[in-house]
Amino acid sequence: MISRIDLRGDALTEFPSGSALRALLPRADFDVAAALEKVRPICEDVHHRGDAALIEYAEKFDGVKLERVRVPAAALAEALEGLDPDVRAALEESVRRARAVHRAQRRTPHTTQVVPGGSVTEKWVPVERVGLYAPGGRSVYPSSVIMNAVPAQEAGVPSMALASPPQADCGGLPHPTILAACALLGIDEVYAVGGAQAVAMFAYGTAECAPANMVTGPGNIWVAAAKRYFTGRIGIDTEAGPTEIAVLADDTADPAHVAADLISQAEHDPLAAAVLVTDSAALADAVAEELEPQVAATKHVEDRIAPALAGRQSAIVLVDSLEEGLRVVDAYGAEHLEIQTRDAAALAERVTNAGAIFVGPWAPVSLGDYCAGSNHVLPTGGCACHSSGLSVQSFLRGIHIVDYTREALADVAHHVVTLAEAEDLPAHGAAVKARFGWKLPELPELPEVPGQ
């Protein structure tokens, strides 16, 4: 059901660097570059035909005939009113915890007095308008509505809209639980648009939807390709690939827990990655045995879980020690990393590459997906070595405010002119000289240094 990679003995000695080691580890095939050529004409069609193109693609890709793509306000209210009370309570608790974590991420202006009369202030300004995307393919993700909207709201984004694919069995609207989550969060601008065309709608704008400065949210390969296509025109969070879990475990881990956690991520998609890294051959055997009955007892076996676990992106990786295991998981850079070992918290502190880390037996990835308070929009495909998950910071821009008096500029004018001339940019120096009648002030006398 799941393959093994044996990195014990001398297997790791030839791979001192993370990038070299990464080539040994399992990863899904996810060719965004190839998909880019297929989404290009869709994006440009939306550019030229706007809402008419969106309506046409809804019929072509989603099997629904729409008159307009914006979801009526009445449909949002109706979805919230009809929401199962238990689901509503769970969503409200998820929102409450997410707000608590993301509110603490807010940034405040800070002024540094560089010299007397010279200061630099960094102020933080939210993005003006954001397009949020909630997937609606194999599963329904109201949790993704929360994970996108809460940090944007806590950052102070003044305008946001959400797109989610229209559903044929929901009257051409996004799934009602998606709509209910939007209503719960006060998002009243919602569009029944999916895939690359949703990203294009936000990037170019249409008669119904004003253009956005940024698009965030997970999606399939077509969404990822469209984000790449518009990079530079709009800001994006990340090109999200298939979801992945890595578990670093030793002989203290419960194999039933580990197997259940691997299956939980395999449930998303046939390309989902489930990786166990362990120094215990006994645990590896026990987890492999646990997978069989647990998989057989769950839903989505044939179309998602079985192909995900059997795919090249999933494996049990054997290492000689937890030290080697740390090297492996850092090289892998998992979206979600669970650590189920002795002294798991200490090991977690040493991890440098992961989207989110789940410590010990009582912090499964499922908790983070819904109700930990953390964000589940995380870097995939090894991008955790250079990127972070979605946060309040994602929606803020830092702007420096430089404020110098005449005296403070005079004090450093010679250095500015010297560096400008060293870079063969004399006009830069002239811009300083012009302020002093083209004659630089005398250099201030340097204080004597004791002992010289």
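Determine by what factor the alpha-carbon radius of gyration of the chain differs from 2.2 N^0.38 Å, reporting the quotient.
Here the answer is 1.17, to two decimals.
The angle between the Cα long axis of helix 51-62 and the main principal axis of the chain comes to about 30°, on a 0 to 90 degree scale.
Each label was represented as a point 7 Å from its Cα along the Cα-to-Cβ direction; for A74 and E93 these points are 3.5 nm apart.
For the chain, the share of DSSP beta bridges that are antiparallel, to the nearest 5, is 30%.
Tell me, what are the semi-axes, in whole angstrom and largest first, of the equivalent ellipsoid of region 282-389 as set by the roots of 5 times the Cα gyration tensor eigenvalues?
Details: eigenvalues 104, 67, 44 Å².
Semi-axes, largest first: 23, 18, 15 Å.
Note on S19 and D31: the extension gain reaches 2.4 nm, defined as 0.36 nm multiplied by sequence separation minus the Cα-Cα distance. Taking a straight line from the alpha carbon of K38, these lysines sit under 25 Å away, with near neighbours fewer than eight places off in the same chain left out: K60, K65, K227.
Here each label is just a point 7 Å from Cα along the line to Cβ, and for E292 and K123 those points are 6.6 nm apart.
Considering helices alone, the calculated mean residue ellipticity of the chain at 222 nm is -12500 deg cm²/dmol, with DSSP H runs of length four and up weighted by -39500 (n - 2.57) and normalised per residue.
Compared with the dominant Cα axis of the chain, that is its longest principal axis, helix 195-204 is turned about 20°. Compute the FRET efficiency between Q105 and W438 as 1/(1 + (r/R0)^6), taking r as their Cβ-Cβ distance and R0 = 56 Å, and round to the nearest 0.05. The calculated FRET efficiency here is 0.70.
Between 0 and 90 degrees, the angle of helix 176-185 with respect to the longest Cα principal axis of the chain falls at about 30 degrees.
Shape class of region 34-139 from the alpha-carbon gyration tensor: oblate, with a/c at 1.5 or above and b/c at least as large as a/b.
Its relative contact order, with pairs defined as Cα atoms under 8 Å and 6+ residues apart, puts the chain at 21 percent. Reported to the nearest whole Å, the Cα centre-to-centre distance from region 379-405 to region 131-193 is 24.
When you count the other C-beta atoms within 10 angstrom of each residue and take the mean per peptide, 133-145, 415-427 line up highest first as 133-145, 415-427.
Since every read-out is calculated from the coordinates, none of them should be taken as a lab result. Keep in mind the model is a prediction, meaning the values are calculated, not measured. Cβ: placed from backbone, ideal geometry, glycine included. Neighbour counts: every protein chain shown.
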